[in-house]
Structure formats: structure tokens, C-alpha cells
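Down below is the structure, laid out as C-alpha cells.
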Amino acid sequence: MAARGLGCPPAEVTAEKLLDWLGRQQHLSPEGRHSYRSTLAGFLSWAYRYGRIPVYLGDALPRVRVPEAPPRPANDDAWQTALEKADRRTKLMLRLAAEAGLRHAEIAQVHSSHLDTASGQLLVHGKGGKQRVVPISDHLAYLVRECGDGWVFSNGFGGHLSAGHVGRLIAGVLPGDLAAHTLRHRYATRAYRGSHNLRAVQKLLGHSSVLSTERYTMVADDEVRAAAAHA
């Protein structure tokens, strides 16, 4: 689309032409403009590196600010619907997401050796090779132990299911367009509501920044009113 809109070969593109074209894309959502900007910057970087354009123009592209999406925790009705619809294996995936806050990639990698029965804790292998320990209920620990030794969600070939497959199984039983991550939002929201300790919730979720955790926790209207009353 950018190539058609600019109407010239890459070597003839100027900063002014880029800014004029981007300025005419206000009909797109912020996410759409951000995607175009990122794609253009990547192309311009490649073209300059390999001598296809004489000057690097990526710095001329203005940043596109994308509003942060509000937390979207699955509500009680969605949770109950999913549990009723799920088979035994998918139900355990649901519980690990909603009752332990695991990402679907982390659910896929749960192994029997990760469960410490004595302490009631689960060792979670998270993003970037990071690990964290999450306390889980006795019932959830029992369900994990029931799966036997090895990968809890085996693929039948000696490994575990892919993160994408786990995500599709969870989304398949959630109503509407809800995805697996809404159960993680549910966990974060309920954990914060019960503790009012954002740092503790950050540790449970495995976030490197508390700012990320804030995007997961929805504050209910009655909590806002209670805060105002205390003030």
C-alpha cells in the first residue's frame, strides 16, 4: 500500500513524501498506523544497509502512540461456561491459567518434576528462560499429580504440546472471542483484589516491570468508590 501511495521507486522516496503519505492514513486505527510505521522502518533499514537507497529515512518516521488496552479478565459466567464445555485435559489447562496465572506457553511446558508437593508450589518456566515459583491449591496440585510422570500435556512423541495448540484448546471452550490470556487477566485481577499488593502480583505473574502488572489488573467500580470514601 505504501509503495502504491508513494508512487515512486525506493531510491526516489524522500522524508517529505513519507510524512505526507503517513499523514493521510488517519482513517486507520492507531494499531494499524503503528504496524505500517514499523514495517516501513524495517524496510528502509534493509534498503539503506544494502545500498538500495542513498540515505536512511527511518528517523523521519514519527512515532505512533498506541493507547494501552484495558485489562480484560474473563468473568465468572465465561469461566463457568468454559469449565462445563472442556474435557478433562483442557479443564486442567483452564485451571492453570485462571488459578495459577500461567501463560499458554508456560502451561504447555508443565512437567511433573516442576511440582513440589510438600510446599504446594509449581516451578514455572516463563519467557526468556526465566523461572518463578507459584503457590497452587491442593486440588490443583492433585490434578497435576494425576497426570503421572513426565510432561503433563504430552504430544505423544516424547515432547509437550506447542503453546499455540494449548492456546487454541483454551480459546475453543471460552465463549465469544475470549482468548487464553483473559484467564491470566482474571488471575491477576483477583489476586490484586484479595491482596492489594501489586508487587506480590507482579512476582506471581513473572513480570519484569510492575507497569506490565498494572495493565493486567482491573479495578472494579466499588473499589474506586471505596478509595474515594477513605479519602
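Below are the figures for this structure:
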{"read-out": "Failed condition for residue 85, given (1) under 20 Å from residue 164 (Cα atoms); (2) of a type outside the set (S, T, N, Q); (3) buried (at least 16 other Cβ atoms within 10 Å of the Cβ)", "value": "(3)"}
{"read-out": "For residue 37: the one exception among (1) surrounded by 14 or more Cβ atoms within 10 Å (Cβ to Cβ); (2) in contact with a helix residue (DSSP H, G or I) (Cβ under 6 Å, 6 or more places away or on another chain)", "value": "(2)"}
{"read-out": "Subset tally (residues that are touching a residue at least 12 places away in the same chain (Cβ under 8 Å) and in contact with a His (Cβ under 7 Å, 6 or more places away or on another chain)) for the range 151-183", "value": "8"}
{"read-out": "Of all residues making up the range 104-152, the number that are outside any helix (DSSP H, G or I), under 18 Å from residue 204 (Cα atoms) and charged (D, E, K, R)", "value": "3"}
{"read-out": "Checking residue 46 against (1) part of a loop (DSSP other than H, G, I, E, B); (2) over 30 Å from residue 168 (Cβ atoms), the condition it does not meet", "value": "(1)"}
{"read-out": "Selection within the range 40-82 - touching a helix residue (DSSP H, G or I) at 6+ places or on another chain (Cβ under 6 Å) and touching a residue at least 40 places away in the same chain (Cβ under 8 Å)", "value": "52, 53, 57, 60, 61, 71, 72, 73, 74, 82"}
{"read-out": "Of all residues making up the range 199-223, the number that are of a type in the set (A, V, I, L, M), within 20 Å of residue 132 (Cα to Cα) and modelled with pLDDT under 90", "value": "2"}
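The values are calculated or read from the model by the stated rules, or taken from the named source; none is laboratory data. Just so it is clear, the structure is predicted and the values come from calculations on it, not from any experiment. When we count neighbours, we look across all protein chains shown, and the Cβ atoms used for this are built from the backbone with ideal geometry, even at glycine.
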